[in-house]
Structure formats: C-alpha cells, structure tokens
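Some notes on the structure that comes next.
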Amino acid sequence: MSLNTERSEELFAEAKGLMPGGVNSPVRAFNAVGRTPLFIDHASGDRIFDVDGNEFIDYVCSWGPGILGHARPEVIEAVQKACAGGLTFGAPTKRESELAELIQAGSPAAEKIRLVNSGTEAVMSAVRAARGYTGRDLILKFVGCYHGHSDGLLVKAGSGLLTNAVPDSAGVPKAFTDCTLLAEYNNVSQVEDLFSEYGDRIACVVVEPVAANMGVVPPQPGFLSALRRITAEHGTVLLFDEVITGFRLSYGGAAEYYGVKPDMVTYGKIVGGGMPLAAYCGQRDIMDCVSPLGPVYQAGTLSGNPVATAAGVTTLQLLLKDKDIYRRIDEKAEKLEKAYAETGKVTVNRVGSLLSAFFTHGPVRNFTDADRTDKTAFSAYFSYMLEHSVYVAPSQYEAMFVSDAHSEDDIARTCEIIKNY
C-alpha cells in the first residue's frame with residue numbers, strides 16, 4: 001500500500017520557501033522518519049484527514065491536548081460563542097477566574113495561578129518566580145527532560161556530572177546555561193551529590209514527573225518522593241512540569257497519580273482545550289512574588305484571552321464531570337501496550353494513557369537508555385503504521401496519546417496492525 005501524498009508534497013515545497021524547514025515546529029518536518037510531512041485538512045473524534053484525502057487513526061492528538069478527541073462539540077460551541085463576543089480584550093474576564101478555580105480543583109499546589117500562552121512560557125516564568133522567591137540562581141534539570149525552548153533550559157550534559165551545562169542550541173550564550181545543573185533522570189544519588197555541592201545555591205529543581213520528551217519514561221519507585229525530600233531539606237522549590245501529564249494521568253495530573261505534592265506546577269496542552277494556553281501555579285508565598293504583587297516581572301497581552309479560556313474551561317468541566325474517562329483511556333492504552341509487547345521487537349513504557357514503543361531491548365529508565373534505540377527500525381515502523389492509516393508521532397522520542405474518542409474498534413484495529421508488523 002502506498003499513500004498518495006501529492007498535495008502534501010506540493011504544499012511542503014511551498015512552505016519551505018516561506019518558513020524555516022517548511023514548518024513552525026521542528027518535529028513536524030518528518031526529518032527523523034525520512035518522509036514528507038502530511039498537511040492536515042481537518043479532524044474529528046479520533047481521526048485526522050489530510051489534504052490528499054487520506055484518513056488516519058490519530059495517536060498524536062496534537063501532542064496531547066486532544067484527550068476528548070478532535071472537535072468535541074461542547075468545546076467547539078464554547079469557542080464559537082466566545083469568538084462572537086470578541087477575540088481579545090487585554091483586560092480581565094470572569095472566565096479567567098473560572099479556569100483558575102477548575103485548575104485548583106485538581107491541584108493542591110495551585111494556591112495561586114497565572115495564565116500564559118505556552119508551556120515554554122509557563123516553565124520559563126515559573127523558574128523566574130522560584131529564583132525570585134529563593135534569591136538563588138542555580139536550577140537543576142534532568143537530561144532528556146524538555147521544558148520548552150527558553151535559553152536556560154536548552155542544555156545538554158558537559159564532561160561530568162558536576163560541570164555546568166553547555167548550550168544545546170545555537171544562539172544561546174553559555175552564560176545563560178551556566179546556572180543550570182544536570183542530573184540523570186531517575187538517579188537519586190546524582191541529585192544528592194549535586195545538592196551536597198550546590199544545595200544552598202539551587203533555587204529550583206524542575207522535572208517532568210513522567211518524562212515524555214525522550215519517549216515515555218516513568219519515574220522509578222521513590223524517585224519523585226526523594227526529590228520532594230531533598231528539596232524540602234534545602235529550601236529549594238520543587239517544580240513539576242506537567243505540561244503533558246497535567247489533567248491526563250488523572251484530573252490532578254502526575255502529582256495526584258503519584259501522591260507527591262510539588263511547590264510549583266506548570267500546565268499546558270489539555271488545560272487550554274486545544275487553544276494556545278498554559279499556566280504556572282504554586283503555593284501562595286511563591287506566587288505573591290510575581291508582579292504586580294512582587295518584584296518578579298512577567299506579562300502577556302494575550303494571556304487568559306477569552307477564546308482560549310472558553311476552550312479550557314469547557315474541557316476541564318467535562319473532565320471533572322466524568323472522571324471515569326481516566327479509567328477508559330488507561331484501559332485502551334493498556335491494550336496497545338500488550339499488542340506492542342507481543343511483537344517481541346520493542347520495549348514498551350506506559351503510564352496511564354501515555355505510551356512509547358522503543359526499538360531497543362532492556363528497560364528504558366533514562367535518556368541514555370532511550371538513545372540506544374534503533375532509529376532506522378523506528379523509521380520503518382513509522383512508515384508501516386502510516387501506510388496502514390495509523391498516525392503516530394514522527395519521532396522515537398515522543399509519546400503516543402490515547403483519547404476518549406478512540407473507539408474500541410479502532411483500538412482493536414490498531415492492535416492487529418501492531419501485531420502484524
């Protein structure tokens with residue numbers, strides 16, 4: 001079977017003359033899988049449709065926001081109604097408070113909330129607030145965890161554990177990353193060593209409680225609770241980056257799922273219901289450091305705009321009303337996990353409705369393990385799935401997302417396609 005992608009190829013050729021690489025986010029270029037990206041025309045439920053008329057079961061779900069599926073009628077209706085009232089005011093609206101209250105309903109850490117426009121902006125702002133609150137400069141992050149493209153967080157490991165990070169992107173001055181320390185994900189002893197050396201200078205530990213940007217890598221038992229203990233002992237802010245896991249693993253995200261309460265938490269993806277919206281939240285004394293109450297400056301013209309908050313409010317209301325959704329999507333993801341395991345070709349990691357199939361043998365517990373995966377094998381697998389009308393992420397280092405719109409028939413069909421690979 002060979003897909004007709006003629007129109008996508010034409011549009012991509014045109015786009016490459018207009019945008020860097022022809023895309024507005026790098027992974028969309030399909031470079032890692034050696035194909036031309038699909039240009040999507042529309043989506044509904046668990047399906048996406050490209051400009052050539054191809055139809056796919058979608059397990060990307062816009063990289064996470066689509067927990068209810070595409071074009072959920074209640075969300076579309078709320079957005080259309082909000083649009084009719086005006087797209088942006090640059091002034092407070094009641095719906096901002098409604099969304100904040102819905103966030104608080106799932107997050108004990110969210111004593112106060114600031115709405116922003118993207119996950120990158122949320123984490124960047126949260127780190128600034130943590131530094132302002134503690135009066136310290138250093139932050140600690142984990143190799144393979146992605147927290148957006150702000151300068152201080154685009155880093156890779158230096159020559160040794162206790163060396164400072166070096167920029168992982170051109171255009172980032174080394175001075176921006178000199179305040180960033182790195183440890184291996186799931187390695188408590190490395191964290192303890194760093195705190196032994198730098199503890200009174202570390203403002204913040206930022207972590208994906210479930211890593212989902214090196215493929216899905218769950219925290220090992222005791223890892224998150226150890227971070228909670230160590231940061232509490234040193235007066236350091238523990239920041240959970242729940243841009244992906246927030247409102248997905250449970251209504252209360254990974255913090256509820258694992259029973260560990262951070263000092264701060266960031267949300268994106270689902271919290272905006274598919275619109276550009278994110279939030280950073282934290283305990284009252286930290287958030288009161290943020291302008292206009294405190295000296296930590298952060299602002300945004302479109303923050304909390306009425307269209308995005310309409311989508312976010314409606315999405316969270318639907319999730320809060322029907323929390324059984326989490327059982328349903330977890331069970332569907334478990335079926336996919338079993339299908340992958342039966343092939344004997346991959347290592348499967350799953351947490352709730354997030355999963356990844358790594359083309360490697362043995363456990364995947366950190367980025368070093370994930371990076372051993374066979375990229376050529378993944379590329380062949382991606383093409384196989386696409387040719388069988390299943391759309392998965394075009395990168396080994398991304399997650400599969402299951403939505404409530406995925407029908408049992410489509411899950412069963414996908415499982416058969418996986419087993420026959």
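Descriptive notes on the structure:
- Over the chain: helical MRE at 222 nm, DSSP H runs n ≥ 4 each giving -39500 (n - 2.57), nearest 500: -11000 deg cm²/dmol
- Sparse-neighbourhood loop sites, chymotrypsin sites (Phe, Trp or Tyr not before Pro) in segment 266-301 - DSSP loop, at most 14 other Cβ within 10 angstrom: TYR297
- Dipole of segment 370-421, positive end: most advanced residue of TYR381, MET400, CYS415 [Cβ charges, Cα centre]: TYR381
- Electrostatic bookkeeping for HIS388 treats Lys and Arg as +1 and Asp and Glu as -1; over the other residues with beta carbon under 13 Å from its beta carbon, the sum is -2.
- Out of every Cα-Cα pair that segment 11-147 contains, those further apart than 24 angstrom amount to 55 percent.
- Computed over protein heavy atoms with a 1.4 Å probe, the accessible surface of segment 1-145 works out to 49 Å² per residue.
- Rounded to the nearest 20 debye, dipole of segment 323-421 from Cβ charges on Lys, Arg, Asp, Glu: 220 debye
- Segment 187-237 gives an Rg/Rh value of 0.98, both radii derived from C-alpha positions and Rh following Kirkwood.
- Using the 1.4 Å probe convention, the accessible area of segment 162-313 works out to 33 Å² per residue with neighbouring protein chains retained.
- Using a probe radius of 1.4 angstrom, the carbon and sulfur fraction of the accessible surface of segment 252-303 is 56%.
- Sum of side-chain charges, VAL237 neighbourhood, beta-carbon under 10 Å (Lys, Arg +1; Asp, Glu -1): +1
- Convex hull of Cα atoms in segment 315-421, direction-averaged projection (nm²): 7.0 nm²
- Computed with every protein chain present, the accessible area of PHE89 is close to 110 Å² [probe 1.4 Å].
- Accessible surface computed residue by residue for segment 321-421, with neighbouring protein chains in place and a 1.4 Å probe, gives 41 Å² per residue.
The values are calculated or read from the model by the stated rules, or taken from the named source; none is laboratory data. Since the model is a prediction, treat every value here as computed from it, not as a measurement. Positions of Cβ are generated from backbone atoms using ideal geometry, with glycine treated the same way; all protein chains shown enter the neighbour counts. Quick note on the areas: whole protein, heavy atoms, side chains included, nothing else; ligands and nucleic acids left out. Shrake-Rupley method; radii C 1.70, N 1.55, O 1.52, S 1.80 Å.
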